[in-house]
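Notes follow the structure.
Taken together, the values in this text are just the output of simple stated rules run on the coordinates, not laboratory data. Please read these numbers as outputs of a predicted model, since none were measured by experiment. Neighbour counts run over all protein chains shown; Cβ positions are idealised from the backbone, glycine included.
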Amino acid sequence: MAVSVLGFAYVGVLAFGGVGKHYSQERGQALLWGSFHFFSIGLSIGGAKLVAHYVQNSIAWPVAGFLSAATYLVVVGTEPTVAYLWDHRRER
C-alpha cells in the first residue's frame, strides 16, 4: 500500500518538476503537497483491503470498488483545502 502511495507521489513530482512550488488558491490551484493525494490513495487502498479481508463472497468486488472510489473522491476533495489552510494558518 505504501508503495502505491509513493508511486503516485513520484509521478506528481515528475509532472510538477519538484516539491518546492506553492500555488495560490486565488488562481484555482492548491499547494503541491495537497496534490500528492497521500491520504486519499492510502485510505482508498486500505478500504479495499479491508473489504477483501472481511467480505468473502462475490459481492466483495463491487463493494471494494465502490468504497475505494467513494473514499478517494471524498478525501481528495479535502486534501488541497487542508493543505492550503495549513500553509496560511498564520495569516488569519
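For this structure, a couple of remarks:
- Counted charge near T71, where neighbours are those whose Cβ lies closer than 14 Å (Asp, Glu -1; Lys, Arg +1): 0
- Using a simple spin-label model with pseudo-atoms 7 Å out from Cα toward Cβ, A60 and R90 lie 5.0 nm apart.
- Förster radius 25 Å - calculated FRET efficiency between L14 and V74, Cβ distance, rounded to 0.05: 0.40
- A Förster distance of 25 Å, applied to the separation of the beta-carbon atoms of V82 and A52, puts the FRET efficiency at 0.30.
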